[in-house]
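Working notes, beginning with the structure itself.
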Amino acid sequence: MNKDIFKKVGIGIGVAGLALFPLLALAQIGGVPGPILTSPTGIAVLLQKVLNFIAAIVLTIALIMLLYAAILYLGAGASTAALDKAKSVLIYAVVGIVVAILAFSVIPFVQTVLQGNF
């Protein structure tokens, strides 16, 4: 029983050490950097960066799925089940591409609506 406690404590210390590891990088620059948001427009900029990052990941995954659907379609042969799977993967890939494109266009659309420049 004591071995289990020591094992759990050791794992906890290891996880805490890994969680605090980035603080070593902050010690090199001499302190914690300033605030990320310094003005109300900073929220829009931060949101745009986050959406662009997420959209890039979704677009990359969708393009990989598109290639996977093409490989499935080429390897389907006469099997209707494999052909149906390839079609469903293709549909999901196209939906992913559309979602990624919409994510790239959300911020300019919201800025246009908020500014009233229709």
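Details
- Test for SER105: is it at pLDDT 80 or above and either touching a Pro at 6+ places or on another chain (Cβ under 7 Å) or under 25 Å from LYS49 (Cβ atoms) (or both): yes
- Any chance ALA62 is free of Cβ contacts under 8 Å to residues at least 60 places away in the same chain, surrounded by 10 or more Cβ atoms within 10 Å (Cβ to Cβ), within 30 Å of PRO108 (Cβ to Cβ) and not charged (D, E, K, R): yes
- Number of residues in segment 69-101 that are exposed (fewer than 12 other Cβ atoms within 10 Å of the Cβ) and modelled with pLDDT under 85 equals 2.
The values are calculated or read from the model by the stated rules, or taken from the named source; none is laboratory data. In this text, all values refer to a predicted model and were calculated from it rather than measured experimentally. Counting neighbours? That spans all protein chains shown, and the Cβs are built from the backbone with ideal geometry, glycine included.
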